[in-house]
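The values are calculated or read from the model by the stated rules, or taken from the named source; none is laboratory data. Note that the structure is predicted; figures quoted are calculated from it, not measured. Cβ atoms come from the backbone with ideal geometry, glycine included; neighbour counts cover every protein chain shown. Areas reflect the complete protein model, heavy atoms only, side chains present, ligands, DNA and RNA absent. Shrake-Rupley method; radii C 1.70, N 1.55, O 1.52, S 1.80 Å.
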Amino acid sequence: MCRNIRQLHNFAPPATAEEVHDAALQYVRKISGSARPSQANAAAFERAVAAVAAATQQLLDELVTAAPPKDREVEAAKARARAATRFAA
C-alpha cells in the first residue's frame, strides 16, 4: 500500500495539498490495515488523515536544505529507468 508515498520535500514546484493528502491517506491506510474503513471507523479515519496531512505540511514547510530543488520529470524518468531494470524479463 505504501508504494504510493513519494518524497515530497525539495521539489520545484513544491508539493501540492493534494499530494500531501494522498501521502497521508496512504500512511493511515497502511497503519490501520484498512483501505476503506467501516462506517463505525470512518470519522476516526478521516480525522487521522487530516492530522497526518497537517503534520506533513508543517514538516515540509519547516525543512531547510541547501540542495537545489529537484525536477519532478527528471525524478520520474529515473524511477521509470530503475523499474525497467528491476522488472526486466
Taking the chain, the equivalent ellipsoid from its C-alpha gyration tensor has semi-axes in Å, biggest first, of 27, 20, 8
How many nm is it between the label spots at Lys30 and Lys70, if each spot is 7 Å from the Cα in line with the beta carbon?
1.5
If DNA, RNA and ligands are ignored and the probe is 1.4 Å, what is the ranking of Ile5, Ile31 by accessible area, most exposed first?
Ile31, Ile5
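Please give the length that would be gained between Arg86 and Ala40 if that part of the chain were fully extended, namely 0.36 nm times their separation in residues minus their C-alpha to C-alpha distance (nm, one decimal).
Taking Arg86 through Ala40 to full extension adds about 12.4 nm, to one decimal.
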Share of Cα-Cα pairs in segment 44-89 beyond 18 Å, in percent?
61
Enumerate the amide H contacts of Phe11 below 5 Å, restricted to partners 5 or more residues apart or on another chain; note that Pro and chain-start residues carry no placed amide H.
Lys70
Calculated [θ] (222 nm, deg cm²/dmol) that DSSP helices of n ≥ 4 give over the chain, each run adding -39,500 (n - 2.57)
-19500 deg cm²/dmol
State in Å² the accessible area per residue of the chain; use a 1.4 Å probe, count heavy atoms of protein chains only, and round to the nearest integer.
76
Checking rank on 63-73, 6-16, with mean other Cβ inside 10 Å and highest first, the result is 6-16, 63-73
Taking Lys and Arg as +1 and Asp and Glu as -1, residues besides Ala44 with C-beta under 14 Å from its C-beta add up to +2
Once phi is turned into θ = phi - 60°, what whole-Hz ³J(HN,Hα) does the Karplus curve with 6.51, -1.76 and 1.60 give for every residue of segment 65-70, x standing for Gly and Pro?
8, 9, 6, x, x, 7
Counting pairs of alpha carbon atoms under 8 Å apart in space and at least six apart in sequence, what relative contact order in percent does the chain give?
37
For segment 8-24, Karplus-derived ³J(HN,Hα) couplings (6.51, -1.76, 1.60; θ = phi - 60°; whole Hz; x for glycine and proline) come out as 10, 8, 6, 10, 10, x, x, 4, 7, 4, 5, 5, 5, 4, 4, 5, 5
Formal net charge of residues neighbouring Lys78 (Cβ-Cβ distance under 12 Å; K, R +1; D, E -1):
+1
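Of the accessible area of the chain, with the probe set at 1.4 angstrom, what percent is carbon plus sulfur?
The nonpolar share, carbon plus sulfur, comes to 57 percent.
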With springs only between Cα atoms under 10 Å, which of Ala50, Ala76, Ala42 fluctuates most in a Gaussian network model of the chain?
Ala76
